[in-house]
Structure formats: structure tokens, C-alpha cells
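Chemist: Structure provided below as C-alpha cells; questions to follow.
The values are calculated or read from the model by the stated rules, or taken from the named source; none is laboratory data. Since the structure is predicted, the reported quantities are computational estimates derived from the model, not experimental observations. When we count neighbours, we look across all protein chains shown, and the Cβ atoms used for this are built from the backbone with ideal geometry, even at glycine. These area figures cover heavy atoms from the full protein model, side chains too; ligands, DNA and RNA do not enter into them. Shrake-Rupley method; radii C 1.70, N 1.55, O 1.52, S 1.80 Å.
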Amino acid sequence: MKASVIGLGKLGASMAAAFGKRGFDVIGVDVSRHAVDLVNEGHAPVQETDLEETIAANAERIQATMSHEEAVLESDISFVIVPTPSDEKGAFSLQYASWAFKELGKALKVKDAYHSIILTSTVLPGATRHGLLPILEAESGKRCGPDFGLCYSPEFIALGSVIRDFLNPDFTLVGQFDERAGQQLEDLYAEVMENSAPCRRMTLEEAELTKISVNAFVTTKITFANMIASVSEKIPGCNVDVVTHALGSDARIGSKYLKGALGYGGPCFPRDNKALAYFARELGAAAELSETTDRSNRAIAGTVVERLSGMVSEGASVAVLGLAYKPFSHVIEESQGIEITRALSDRGYRAVGYDPLAGENAQTELKDHAVILDSAKEAISQADAVVIATPDPEFCALKAADFKGSSDPLLVWDFWRILADEIRDAPGLRYVPFGCGIDETANAGRLKALWSQTSQDGDT
Ligand SMILES: NC(=O)c1ccc[n+]([C@@H]2O[C@H](COP(=O)([O-])OP(=O)(O)OC[C@H]3O[C@@H](n4cnc5c(N)ncnc54)[C@H](O)[C@@H]3O)[C@@H](O)[C@H]2O)c1
């Protein structure tokens, strides 16, 4: 079977490369001439782990074109992976997908053989059947089911490991309009995937709801761990990592995404929760948990700066280490480091920052809200307080001697508890590991007062 991939962005180009790697011929389509030329020259059109190498190694199987018609005529199945940006209500816009479906519909009109269209972009329930299918039928003059196939099949990937995640999923998700297209896609996945992941087949709407529910659940789990961390640090001697390690041992809970720290960010997680809440409201259902998760996550930067105001003087210099939304990434979209830096600047602090890969993007985004420097040490040297915002291995390797700031003691607020033990008691540093109850006097007082009051009430 020959596949085509419509949209050669972070996800689409990686998927095309993965097909090539697994021995399939694949045609990529993009509206960008530059992206198409790069792929045809054996290069990656976007930055993603192993993408350049995988495309180069399989160049004879991977072609690209700007013609949707050429792609449809020369393949059996087309995956559509174009942007679905959030709109002002929190929903996902079908603007790019509609245009792609229009072109695909025109191509289906001139193709005699059966062909399947697979939507992979993130959409809300009902979008494939009611928003996009009518475009295909109108443009092609054909009927979905007997004349061509349609599925909704999103991938569960993380930026930075897209090719590996695509080829080794926990499960594949196939929402089918018609049985024939669903079976064809399940069979293709069975050949392409490197593992033998189960395939979950269902209706279009069930698959659309499953996709968004996965992200909503994971973000709620992250937010739960963050909540436990903020309770843990009020209990003298309590370490949130000890608590979550045990918590994750319960098979009903599991240990992934259970690290009490800063919130989530990036291009997918924050918008998916908002979209689910919007969608539920529109249909008269309540997705209060998603609304709360979203609200809690967005409140983090403000809370950090509020708490910092009790620890450092007004107008102090604060260094934020970690500006990408996660380590090994240049992506700063909705990153906690960026939000904290912006909030610091808005509160009158002098913000400096550093990130191993995202520095340039961060400076462009933050403009004169912050000065982004070339090394962690340089940022620290200008600071009265340091906030560790991502668990980047470069920060884990920092030694006590690297923390020479402009205040004595220098406050080091480590949200991921990654710094070496020697830093904890180093002279000239006030080390605050988030989620650990180290403020013995104030917290012990409150804890004791709570229990002496309760025992006087006779309440056990
Ligand atoms: N990036 C992620 O981590 C991720 C994860 C899961 C799901 N998704 C979803 O996948 C979809 C694509 O995301 P992405 O990050 O790959 O986007 P992207 O912006 O990196 O790439 C999209 C590509 O589509 C091209 N394009 C736009 N309209 C086109 C058309 N009509 N025909 C052909 N090409 C067209 C653009 O030129 C661009 O190259 C989105 O719906 C996103 O929500 C992304």
C-alpha cells in the first residue's frame, strides 16, 4: 500500500519519514514550496529528532509535491496533518483542514479507484463527519463509504520523539466512517508499527473524544501531582517525591506524569483542555474538571511571583533557567518559564533567563521583558534569586560553585528538585526545593496548632 501525507510539519514530515523507514513508498504534500523542495532533496523540512537522518536514509522512498491531486492519484490512502489552531472561543479552527479537504475532494473526483482519507489533525467531536466530510462529497460528487473511505486517526506523540512514538504507540486509534476504510487502516498500522500495539476501532466521534480525553486526563494528573507538592511543602520534613513514588506504585494510578513541579505547557496540552471545556459547555454538559485543571495551570506563574515577593526584595534581579516548555526543545509555546519571566517583569523585577535551545525564541517572544543570556552561569551571576523551571540535564550538572549571584544568600528555587545534594547546605545559598517542607518554624507551628485545636475540640 502506498500512503500520502498532507502537511509536512512537525507531525506530518515525521510520519512520512517513519513510513519510508518501514519500507513504504510515501508522497508528502505541502503548500510550502520550500518544504517540498527540502524533502525532495533528502532533507527535513522542520526540526525534529532523527528526522533529517531518517529522510536522508530513505530518500528513494520519500517524495514530495505541492499537488494534492498527484498525491491522491499515486497513493491508496492519504493522511491529513495540517494545523488546527485554537480560535478565540478555545475550539479548533478547521480553516486549513477545510482547504485541504477541498483539494482532496477535487482529486477524488478524477480518481476511479477506492481511496481513503484519514484525518490525523486534532479536532473536536463531530468535526470530521459534520465539518469536513460534506466538503469531500460536494467536491468529488461521490459518496463516502461506497466510493471512498474516511477515518479519524490521531497520533499520540511528543515533540522531540515523534518518529519513535509514532512507530511504538501504546495503542492505535481508528475512528471509522466505514468498515472498509477502518480495516484498511488497521492493517496498514499493523505493518508499519514496530511494536504490536492494539488497535482501538470505533466511530468518528468516539475517536475524536478519546483523543482529547487522553490529553485532558494526563494534564489533570500533572495538576494533581502539583497540588500534592504544594501541600507537601507545608509539612515539615515531607518530601513530595517520596509521596508520589509510593502513590505511583498503585497500579490504578501509575507513576508517569506524577512529578509534583511546575505546570504543563507546549502546543497541545493547554489548548486541548480548554477545547474540551468549551465543547462540553456548547453541548450543555459540564467538564468542570478540565476547567479547573486549565485554571490551576494558568495560575502557576502568578503564584510563583507572588510567593517570590515574600522571599526577595522589590525590584530584585531574578534568573529563570529553562524557557522551553520541556528540556531538549526549542518550543516556548505556553511554557511556564516564559510565563514566569513575563510575570516577573510585570511585577517590576529585573528578569534574566537562559535555556540551552530556546534562548533565541524566548528573546523574540519576551522582547524587553527580559534579557536572555548565553549560559546558566551568566544568568545566575546577575541574579538575586534563581528559579529552575525545567529539569534540563544541563541544570542538574550545576555545582555549588556555579551559584555566584549578586546577593548573599542567593535564593535558589528548584521546582524539579534536580540540583545536587551539595547545593542544599552550601554557604551563601538559600536552597528551596519545591514540594519539600523545609520551613520548619512557620510550618511546624501551623501543623501543631491545627492538632492542638482539634484535640481540644475532642475531634479525632
Ligand atoms: N505537534 C504536536 O506535538 C502534535 C501532537 C499531536 C497532534 N498534533 C496535531 O497535528 C496537527 C499538525 O500539527 P503540526 O505540529 O505538525 O503542525 P505544523 O504547523 O508543524 O505543520 C503543518 C504543515 O501543514 C502545512 N499545510 C497547511 N495547510 C495545508 C494544505 N492545505 N495542504 C498541505 N499542507 C498544508 C503547513 O505548510 C505545515 O507545513 C495539528 O492539528 C496538531 O494539533 C500535533
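Chemist: Kindly provide the helix-only [θ] at 222 nm of the chain, computed as the sum of -39,500 (n - 2.57) over DSSP H runs of four or more divided by all residues, to the nearest 500 deg cm²/dmol?
Modeler: Helix contribution divided over all residues of the chain: -13000 deg cm²/dmol.
Chemist: Now, a different point. What span do the alpha-carbon atoms of region 70-125 cover on each of the three principal axes, reported in whole Å from largest to smallest?
Modeler: Extents along the principal axes: 41, 17, 16 Å.
Chemist: Where does the chain land on Rg/Rh, using Cα atoms and the Kirkwood Rh?
Modeler: Using Cα coordinates only, the ratio equals 1.04.
Chemist: Okay, moving on. Taking 20 °C and 1.002 mPa s as the conditions, I'd like the Stokes-Einstein D for region 1-123 in µm²/s, using the Kirkwood hydrodynamic radius from alpha carbon pairs.
Modeler: The calculation lands on 149 µm²/s.
Chemist: Determine the shape class of region 243-382: with a ≥ b ≥ c the square roots of the Cα gyration tensor eigenvalues, call it rounded for a/c under 1.5, and otherwise prolate if a/b is greater than b/c, oblate otherwise.
Modeler: Prolate shape, in that a/c is at least 1.5 and a/b is the bigger ratio.
Chemist: Take peptides 194-205, 246-257 and line them up by average Cβ neighbours within 10 Å, highest first, as a rough protection proxy.
Modeler: Ranked from most to least packed, the peptides come out as 194-205, 246-257.
Chemist: Another question, if that's okay. What does the convex hull of the alpha-carbon atoms of region 323-460 project to on average, in nm²?
Modeler: 10.5
Chemist: For region 338-414, how big is Rg over Rh, using alpha carbon atoms and the Kirkwood form of Rh?
Modeler: That ratio equals 0.93.
Chemist: Additional query: Using only Cα atoms, figure out Rg for region 392-446 and give it as a multiple of 2.2 N^0.38 Å.
Modeler: With N residues counted in region 392-446, Rg over 2.2 N^0.38 Å equals 1.20.
Chemist: Report the calculated FRET efficiency for ARG22 and ALA158 (r = Cβ-Cβ distance, R0 = 22 Å), to the nearest 0.05. Walk me through the numbers before you get to the answer.
Modeler: On the way: r = 20 Å, r/R0 = 0.90.
Calculated value: 0.65.
Chemist: With labels modelled as points extended 7 Å from the Cα through the Cβ direction, what inter-label distance (nm, one decimal) is found for ARG307 paired with ALA251?
Modeler: The modelled label-to-label distance comes out at 3.5 nm.
Chemist: Leaving out ligands, DNA and RNA, what percent of the accessible area of the chain is carbon and sulfur, probe 1.4 Å?
Modeler: On the way: 10830 of 20690 Å².
Taking all protein chains in place, the chain shows 52 percent carbon and sulfur surface.
Chemist: Counting each pair of different Cα atoms once, what's the Kirkwood radius of region 142-262 in Å, rounded to one decimal?
Modeler: Result for region 142-262, one decimal place: 16.9 Å.
Chemist: Given R₀ = 41 Å, what would the calculated FRET efficiency be for ARG298 paired with ALA442, taking r from the Cβ atoms and rounding to 0.05?
Modeler: Values: r = 28 Å, r/R0 = 0.68.
Efficiency for this residue pair is about 0.90.
Chemist: List every residue whose amide H lies under 5 Å from the amide H of VAL5, counting only residues 5 or more places away in sequence or on a different chain, with H placed 1.01 Å from N in the peptide plane.
Modeler: Those lying under 5 Å, H to H, from VAL5 are ILE27, GLY28, VAL29, PHE79.
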